[in-house]
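Visitor: Would you mind keeping the following structure in view while I ask a few things?
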Amino acid sequence: MEPARPDFLPDPALGRDEMESLQREIAATATFADDLEFDPAALGRSEPDQQRLGDHGEGERDAGDPPLVAGVDQAFVDDVAVSAVVLTRGGEVVERVHAAVETEIPYVPGLLSFREGGAIVAALGELRRTPDLLVVDGSGRIHFREAGLATHVGVLFDVPAIGVAKSLLCGEPRESLDRTLPVGATVGIEADDSVETAEPGTLIGHAVQTRQYDSPNRHINPLYVSPGHRVGAAAVPELVLATTAGYKLPEPTRLADSDADEAKATVREDRA
C-alpha cells in the first residue's frame, strides 16, 4: 500500500500548533459518510473456496467475495512503536505484517497519530493487498478535532476506516453508560464543547457492547467506535459487531493485538 495523500504523513517534527492545524485539514478532507465498495452484510459471509480465490490475483476481489478487513494495533518497547496489521477475509487470515519505528515525541492526548503513525504507515506499506476496510485500535471521529488515529490513517491511504477505542476520549453519550449493557446494545456519542470542529449534538460515534458476562456481579465496558474515513457514524456499530467473534475486540484488531505483542518480544530481543 502507498499513501494516497503523502502531504498528510504524520510528521513528529511539527510543532503542536502545526499538528493540530494538520488535523483540522484532515478532518475537513475526511468523508464521514458511507463510501464502501462492499455490502456490510458480506462481513458475515464465510471464506470463499480456495479454488475461486486462486482464479484472480492479489488485490482483486470477485463481487461475491467477503471484503478484506485489516486490523491495526500498536505496542511499545521503550521508545519504539511496533505496529501490527492482520488482513482477514471471511474470518480467515490472509496476510500478516508488522513494523517497528522509533518514536520521536511523547504521548500527548489527541496527537496519537504523530507518535504512532510512522510505524503504522511502515506496516501498511508492507501489505501486498489493499484492504476494503481498516479497523484501527484508536479513535476516529471521536476526537477533539475529529481526526483521531483512524481518521488520519484512513484519509492518508484513502481507505474506509473505523476507530475502535477502549475509553472515551471526548464527546457525550446520549444515554447514561453507568449501567450494564446487553450484547449488541449501542449508545450514540455526540459532539460537545470538547469537539472543536463539530456542532454540539452531532453524532460522532457510538458506545457498542460487543461482549457481556452472564452475571449480575460482573460486567464488561463497551467499546467506543467511530468513523475514520468513508464510513458514516450510523454504519460503524454494524461493521464492528459483524467482525466480532466472541471476544470484546473485533477479531481483526484482536489478532493484530496478539501479533503486536509477539513482534514486541522480537524487538526487545534485538535491542538486548
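Visitor: Output the direction-averaged projected area (hull surface divided by four) of the convex hull of the alpha-carbon atoms of segment 103-179, in nm².
Guide: 6.2 nm²
Visitor: Can you give the Rg/Rh ratio of segment 68-207, where Rg is from the C-alpha atoms and Rh is the Kirkwood radius?
Guide: Taking Rg over the Kirkwood Rh, I get 0.99.
Visitor: At 0.692 mPa s and 37 °C, plugging the Kirkwood radius over alpha-carbon pairs of segment 135-272 into Stokes-Einstein gives what diffusion coefficient in µm²/s?
Guide: It comes out at roughly 211 µm²/s.
Visitor: Calculate the tail of P(r) for segment 159-218: the fraction of all Cα-Cα distances greater than 18 Å, expressed in %.
Guide: Of all Cα-Cα pairs in segment 159-218, 43 percent lie more than 18 Å apart.
Visitor: Right, another one. So how strong a dipole does the chain carry about its Cα centre when Lys and Arg Cβ are +1 and Asp and Glu Cβ are -1, to the nearest 20 debye?
Guide: Charge dipole, the chain, about its Cα centre: 660 debye, nearest 20.
Visitor: Under a point-charge model restricted to the Cβ atoms of Lys and Arg (+1) and Asp and Glu (-1), what is the dipole moment magnitude of segment 142-272 relative to its Cα centre, in debye to the nearest 20?
Guide: 340 debye
Visitor: Enumerate the calculated ³J(HN,Hα) couplings along segment 205-218 in order (Karplus 6.51 cos²θ - 1.76 cosθ + 1.60, θ = phi - 60°), each rounded to whole Hz, writing x wherever the residue is Gly or Pro.
Guide: The phi angles translate into x, 8, 8, 10, 8, 9, 7, 8, 6, 8, 7, x, 9, 9 Hz.
Visitor: For a protection proxy built on the mean count of beta-carbon atoms within 10 angstrom, sort 102-108, 128-134, 20-26 highest first, please.
Guide: So the order, starting with the most tightly packed, is 128-134, 20-26, 102-108.
Visitor: To the nearest 0.05, what FRET efficiency results for TYR213 and ARG271 with a Förster distance of 35 Å applied to their C-beta separation?
Guide: For TYR213 and ARG271, the calculated efficiency is 0.35.
Visitor: Something else about it: Cα-Cα pairs above 28 Å in the chain: how many percent?
Guide: Across the chain, Cα pairs with separations above 28 Å total 32 percent.
Visitor: Same structure again: Using a 7 Å offset from the Cα along the Cα-to-Cβ direction at both ASP35 and TYR247, what is the distance between the two label points in nm, to one decimal?
Guide: 3.1 nm
Visitor: Only helical DSSP H runs with n ≥ 4 go in: add -39500 (n - 2.57) per run for the chain, normalise by residue count and round the 222 nm mean residue ellipticity to 500 deg cm²/dmol.
Guide: Per the formula, -7500 deg cm²/dmol.
Visitor: Please give the FRET efficiency for GLU175 paired with GLU20, using the beta carbon to beta carbon distance and R0 = 30 Å, rounded to the nearest 0.05.
Guide: 0.45
Visitor: To the nearest 20 debye, what charge dipole does segment 214-266 have about its Cα centre, counting +1 at the Cβ of each Lys and Arg and -1 at the Cβ of each Asp and Glu?
Guide: Using Cβ point charges on Lys, Arg, Asp and Glu, segment 214-266 gives about 180 debye.
Visitor: Find which of PHE8, TYR107, VAL153 sits farthest along the positive direction of the dipole of the chain, computed with +1 on the beta-carbon of Lys and Arg, -1 on that of Asp and Glu, about the Cα centre.
Guide: TYR107
Visitor: Under a plain spin-label model, where a point goes 7 Å from the Cα along Cα-to-Cβ, how far apart in nm are ASP261 and SER194?
Guide: 2.8 nm
Values quoted throughout were computed directly from the atomic coordinates according to the rules given, and no laboratory measurement underlies them. In this text the structure is predicted, and so the values were computed from the model without any measurement. Virtual Cβ from ideal backbone geometry, glycine too; neighbours counted across all protein chains shown.
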